[in-house]
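The values are calculated or read from the model by the stated rules, or taken from the named source; none is laboratory data. What you see is a predicted model, and the numbers here were worked out from it, not measured in a lab. Counting neighbours? That spans all protein chains shown, and the Cβs are built from the backbone with ideal geometry, glycine included.
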Amino acid sequence: MKIKILNNTGDVEVLLYEEIGNGFFGDGISAKRFAEELANAGEVKAITLRINSPGGDVFDGLTIYNTLAKHSAPVHAVVEGLAGSIASVILQAADTRSIAANAFVMIHEPHAIAAGTAEELRSLAGVLERTRDSILNSYVIKAGEDRRAELSAAMNDETWYTAAEALRAGLVDLIDEELQLAAFVSPEIAARHKWKHTPAAILQKDRNSGARLRVKLGQQRQRLAALTN
């Protein structure tokens, strides 16, 4: 994660471009580090959260969600590539939520890899059910109670929303037509997260795709800055 202080008025930009939690190779963002880095930014008056993340550890993600939701500064979240799994929950902590026209939001059931006795596994199943309820509630708070059944079914199916579909589902508030980006994830990440329905269009074709996405994000922000200055 990177935090950029945009000016001397307390506006900060948080770049959430990695897995949530420590990550498979230790290169993710833990809830502890997220909170520490945000605190180190000083007096924050407004937060822009830019998301391109496949998700990761559920409990780190829920903690990051709560850190943002209780922050005194208004939060605007932008899905710049993918808000997948628990990253789609973090998205819901924002006061306003936008998405690039060709970005994705993915929601699914929480899962765990476990071994143990029958009693231990039954206990874990209970934890997963309560975690699922917590995740679903975070969507419903923003999308509306009338969408609870729809979103619950979407979690069960592992649903990949285009920008237009995410808007209709209440997972974002607006589509940023000016922000033309491309979401990429590696097949390894898709396999590690046990995704079943990853759109072929976003599977990374080669190891440099992520770097190209970062360059494109930087170029797009420069163009947007030029338009607003």
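So here's what we get for this one:
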{"item": "Filter result for the condition that a residue is charged (D, E, K, R), within 20 Å of LEU136 (Cα to Cα) and modelled with pLDDT under 95, over GLU109, GLU18, GLU43", "result": "GLU109"}
{"item": "Qualifying positions in region 28-40 - in contact with a helix residue (DSSP H, G or I) (Cβ under 9 Å, 6 or more places away or on another chain) and either at pLDDT 95 or above or surrounded by fewer than 23 Cβ atoms within 10 Å (Cβ to Cβ) (or both)", "result": "GLY28, SER30, ALA31, LYS32, PHE34, ALA35, LEU38"}
{"item": "Condition broken by HIS108, with the remaining ones in (1) in contact with a His (Cβ under 7 Å, 6 or more places away or on another chain); (2) buried (at least 19 other Cβ atoms within 10 Å of the Cβ) satisfied", "result": "(1)"}
{"item": "LYS45 vs. criteria without any contact (Cβ under 8 Å) to a residue 24 or more places away in the chain, surrounded by fewer than 16 Cβ atoms within 10 Å (Cβ to Cβ) and farther than 19 Å from GLU109 by Cα", "result": "no"}
{"item": "Region 154-188 - residue that is closer than 17 Å to ALA77 by Cβ and at pLDDT below 65 and, of those, surrounded by the most Cβ atoms within 10 Å (Cβ to Cβ)", "result": "ALA183"}
{"item": "Subset of region 46-64 [among the hydrophobic types (A, V, I, L, M, F, W, C) and at pLDDT 95 or above]", "result": "ALA46, ILE47, LEU49, ILE51, LEU62, ILE64"}
{"item": "Some residue of region 48-69 being within 21 Å of SER134 (Cα to Cα), touching a residue at least 12 places away in the same chain (Cβ under 8 Å) and over 15 Å from the mean Cα position of the chain (by Cα)", "result": "no"}
{"item": "One residue from ALA69, ALA101, ALA114, ALA118 being among the small types (Gly, Ala, Ser), at pLDDT 95 or above and either touching a strand residue (DSSP E or B) at 6+ places or on another chain (Cβ under 9 Å) or surrounded by fewer than 18 Cβ atoms within 10 Å (Cβ to Cβ) (or both)", "result": "ALA69"}
